[in-house]
Number of protein chains: 2
Amino acid sequence: MNNKKDIRFTVQPQDLIWRGKAKERLDQLTMPHWALGRLMDLAIDLAGITRSLKPETRRKAVIVMAADHGVVSEGVSNYPQEVTVQMVANFVNRGAGINALAGQAGAEVRVVDMGVAGELSGIMGRGAIVSMPVGRGTANIAAGPAMTREQALQSIENGISVARGMIEGEGFDLIAVGEMGFGNTTASSAIISAITGKPAADVTGRGTGISDEQVHRKIAVIERALQVNRPVPGDGIDVLAKVGGFEIGGIAGVIIGAAMLRRPVIIDGLITTAGALIAWLLAPESADYMIASHRSVEKGHAIALRHLGKEPLLDLNLRLGEGTGAALAMNLVEAAARILTEVKTFAEAHVSEAVE
Amino acid sequence: MNNKKDIRFTVQPQDLIWRGKAKERLDQLTMPHWALGRLMDLAIDLAGITRSLKPETRRKAVIVMAADHGVVSEGVSNYPQEVTVQMVANFVNRGAGINALAGQAGAEVRVVDMGVAGELSGIMGRGAIVSMPVGRGTANIAAGPAMTREQALQSIENGISVARGMIEGEGFDLIAVGEMGFGNTTASSAIISAITGKPAADVTGRGTGISDEQVHRKIAVIERALQVNRPVPGDGIDVLAKVGGFEIGGIAGVIIGAAMLRRPVIIDGLITTAGALIAWLLAPESADYMIASHRSVEKGHAIALRHLGKEPLLDLNLRLGEGTGAALAMNLVEAAARILTEVKTFAEAHVSEAVE
């Protein structure tokens with residue numbers, strides 16, 4: 001790997017032969033044709049991703065990438081930065097939204113410190129937390145780049161390494177990505193604006209629930225960040241380094257790592273989708289492995305999903321992040337796999353087909 | 001109970017005190033306010049329904065009500081009536097869509113013969129099938145009433161009895177309703193037209209996948225059924241008797257039975273929502289216990305849901321029925337319960353709240 005602009009990671013597209021095999025089976029199931037709609041589309045994706053008519057979904061994890069953002073000094077969030085550490089502790093102590101929803105999905109929560117500014121030593125070793133910091137919080141993007149190009153690459157590589165270890169080393173079948181880090185909707189909106197070309201105002205929302213006045217300030221901060229840094233829209237490492245975040249690079253890396261190993265990866269809300277855009281720039285075929293879980297309240301999210309050509313499965317007014325929407329969608333992914341593996345064909349079940 | 005038009009079943013509305021208690025807790029969870037959107041709304045409903053901040057969702061079942069419809073002789077379906085028996089056998093043998101999706105939800109499938117026309121003796125006793133037939137298929141609604149008023153009442157009572165047995169006798173916590181019976185989208189569209197006042201053409205879809213020509217015929221059949229029978233829009237028993245079906249009465253009964261015992265009941269597509277409309281006419285407060293799982297491809301479904309004031313949780317182009325959409329939504333109901341019981345408050349987790 002080098003530091004040039006043409007950095008690309010090699011990912012194979014979905015396998016068309018296996019997509020065809022899945023479609024052939026789904027066409028014959030004991031139900032009116034394609035009566036399970038989007039679940040059947042998803043089943044085809046799973047076959048194309050895993051090259052199998054029996055896609056495994058046994059071991060599941062939500063990887064929660066955490067990091068801090070220098071841009072909070074601009075007043076873009078209504079939580080102080082110390083809360084990142086408190087929330088990471090809450091994840092480890094199983095008290096957060098993602099713990100409940102991952103529990104419901106039968107998935108493990110794996111928290112990765114990609115660059116939290118505060119002191120995590122008190123909670124290290126107490127639970128499923130991995131330490132891979134690239135720095136201790138990014139610099140303020142309104143004043144200059146978030147990180148160096150080397151750090152951006154490192155954050156991607158750390159993400160790939162986490163995915164590889166969990167898939168190859170531990171045998172995980174299905175990965176969802178989540179995040180924690182105050183200020184990260186600001187970085188994500190900046191990334192989405194840079195990559196899609198939409199104005200900052202069109203992709204900026206309320207994050208943790210800021211006021212109208214704060215939204216105006218946040219938009220101005222993002223505009224300044226884009227003006228000061230001039231990220232190159234087609235260069236994923238450049239965009240990540242200039243207006244991104246360590247956890248966003250980690251998310252992009254997890255997506256690329258999962259795609260390299262032909263595993264589906266479920267994306268969550270605004271921040272993980274910003275990471276998905278970075279992954280897509282670095283490995284366009286990685287989009288074939290992304291499953292869009294939900295459409296969040298954050299207005300930039302729908303724009304980012306559309307840019308990736310993804311239609312989300314759920315629309316439940318979620319705006320928490322952490323991977324909560326992705327955890328909810330795990331059930332739908334497993335349901336799609338079951339349709340492929342458990343439902344019988346007309347011939348197998350001795351059921352008469354429709355009269356044309 | 002009597003045979004007069006003013007038949008009503010007594011159901012208590014949701015408990016406002018418990019809704020308030022749930023809201024108070026949800027307001028304090030370690031996340032931006034109401035960041036889990038519709039899941040939190042659902043959590044409030046669960047508290048109001050069950051009078052508890054720890055709503056149980058341990059034992060779950062999909063009750064699949066099956067029956068035949070004389071109206072198939074009008075050519076409204078592209079499957080012959082024998083397939084109802086074949087599909088009931090498929091349910092019992094665990095080969096259908098609902099088996100896969102109930103399996104994913106950790107729910108049992110309980111099939112109830114409410115009035116299948118064919119011979120079921122070959123599969124009785126082989127699985128989770130209950131025999132409570134009110135007749136052997138309804139009469140052709142295009143020529144006269146589907147059933148007598150006594151049969152309509154009996155179908156409701158059978159449904160209540162199934163729900164009561166499963167909740168009180170077997171300890172089920174969460175019930176979903178599903179159905180099987182060729183011709184039942186025709187009966188359901190007729191019910192929805194009768195109750196909502198919308199023209200047949202607005203509430204009639206392709207059912208199992210019929211052609212444009214067949215849709216026109218189906219609409220004409222429904223118009224004829226409404227003209228011949230003149231169901232009284234506000235009289236649930238009358239509508240059910242004249243243009244309904246035995247399984248649709250059974251579904252209404254299950255909903256009323258679950259509501260009487262303060263259990264949530266998840267409704268599925270067009271047919272179960274037609275049953276829900278009957279339940280609502282007979283016990284208006286039963287709507288407080290209904291959870292709308294999804295919006296199906298059948299165009300009458302959205303109209304029926306709107307009439308009940310229900311916003312569905314999922315929209316995945318489903319049109320299978322059987323209870324498949326309701327089974328998928330069980331995960332969301334359980335997730336909502338977990339948010340209430342597992343996520344910590346700011347105080348419990350020692351996390352700082354937002355700065356206003």
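The values are calculated or read from the model by the stated rules, or taken from the named source; none is laboratory data. Keep in mind that what you see is a predicted model, and the values were worked out from it rather than measured. Ideal geometry is used to build each Cβ from the backbone, glycine not excepted, and the neighbour counts take in all protein chains shown. In case anyone asks, the SASA skips ligands and DNA or RNA and just uses the protein heavy atoms, side chains included. Shrake-Rupley method; radii C 1.70, N 1.55, O 1.52, S 1.80 Å.
Points worth noting:
- Taking the Cα centre of segment B:139-196 as reference, the dipole from Cβ charges on Lys and Arg (+1) and Asp and Glu (-1) amounts to some 260 debye.
- Farthest toward positive dipole pole in segment B:60-329 [+1 Lys/Arg, -1 Asp/Glu at C-beta], among B:N93, B:A259, B:H301: B:H301
- Normalised by 2.2 N^0.38 Å, where N counts its residues, the alpha-carbon radius of gyration of the protein assembly as shown equals 1.00.
- Label-reachable residues, segment A:252-273, where backbone N falls under 13 Å from a point 7 Å from A:Q12's Cα toward its Cβ: A:259-263
- Heavy-atom surface analysis with a 1.4 Å probe gives the protein assembly as shown a carbon and sulfur content of 49 percent of its accessible area.
- Total formal charge among the other residues, if their Cβ is under 11 angstrom from that of B:F246, Lys/Arg +1 and Asp/Glu -1: -3
- Relative contact order computed over chain B (Cα-Cα under 8 Å; 6+ residues apart), in percent: 25 percent
- Gain on full stretching of the segment that runs from B:E213 to B:E168 - 0.36 nm per residue minus C-alpha separation: 11.4 nm
- Accessible area (Å², per residue) of the protein assembly as shown, counting only protein heavy atoms and a probe of 1.4 Å: 33 Å²
- Charge tally in the Cβ shell below 12 Å around A:I267, where Lys, Arg are +1 and Asp, Glu are -1, A:I267 excluded: 0
- Net length gained if the chain between B:R59 and B:K299 were fully extended (0.36 nm per residue, minus Cα distance): 83.1 nm
- Taking the average, over residues, of other Cβ atoms within 10 Å as the packing measure, peptides A:11-22, B:67-78, A:57-68 rank A:57-68, B:67-78, A:11-22 from highest down.
- Where only DSSP H runs of four or more residues are counted, chain A gives -14000 deg cm²/dmol as its mean residue ellipticity at 222 nm, each run worth -39500 (n - 2.57).
- Only Lys, Arg (+1) and Asp, Glu (-1) charged, at Cβ; segment B:228-300 dipole about Cα centre in debye: 80 debye
- Residue of chain A with the smallest Cβ distance to the axis mapping A onto B, distance rounded to whole Å: A:N331, 2.
- In this structure, the pairs whose alpha-carbon distance is over 19 Å, taken from A:K299/B:K299; A:K23/A:K60; A:K198/A:K242, are A:K299/B:K299; A:K23/A:K60.
- For chain A, the longest principal axis of the alpha carbon atoms and the long axis of helix A:82-92 meet at an angle near 30°.
- Considering only alpha-carbon pairs that sit under 8 angstrom and 6 or more positions apart, the relative contact order computed for segment B:20-133 is 25 percent.
- The charge dipole of segment A:60-329, taken about its Cα centre with unit charges on the Cβ atoms of Lys, Arg (+1), Asp and Glu (-1) only, comes to about 220 debye.
- Amide proton proximity set for A:A96, modelled H, under 5 Å, gap of 5+: B:K344
- Segment B:60-329, Rg to Rh (Cα coordinates; Rh as Kirkwood inverse mean 1/r): 0.92
- Pairwise label distance in nanometres, A:S131 with B:A347, each label 7 Å out on the Cα-Cβ vector: 3.4 nm
- Neighbour net charge for B:L313 - beta-carbon separation under 12 angstrom, K R +1, D E -1: -3
- The A and B chains share an interface that buries close to 4600 Å² of accessible area, total over both sides, probe 1.4 Å.
- Nearest 10 degrees, 0 to 90: helix A:37-50 Cα axis against chain A principal axis: 80 degrees
- Positive end of the dipole of chain B (Cβ unit charges, origin at the Cα centre): among B:V76, B:A66, B:G236, the Cα lying farthest that way belongs to B:G236.
- Distance in nm between pseudo-label sites at A:V228 and B:E82 (7 Å out along the Cβ direction from Cα): 7.7 nm
- Reduced Cα scattering model of segment B:172-222, Debye log10 I(q)/I(0), q = 0.19, 0.21, 0.29, 0.30 Å⁻¹: -0.64, -0.73, -1.13, -1.17
- Over segment B:6-69, relative contact order from alpha-carbon pairs under 8 Å, at least 6 apart, %: 37 percent
- Between helix B:16-26 and chain B there is an angle of about 50 degrees, using the helix long axis and the longest principal axis of the Cα atoms.
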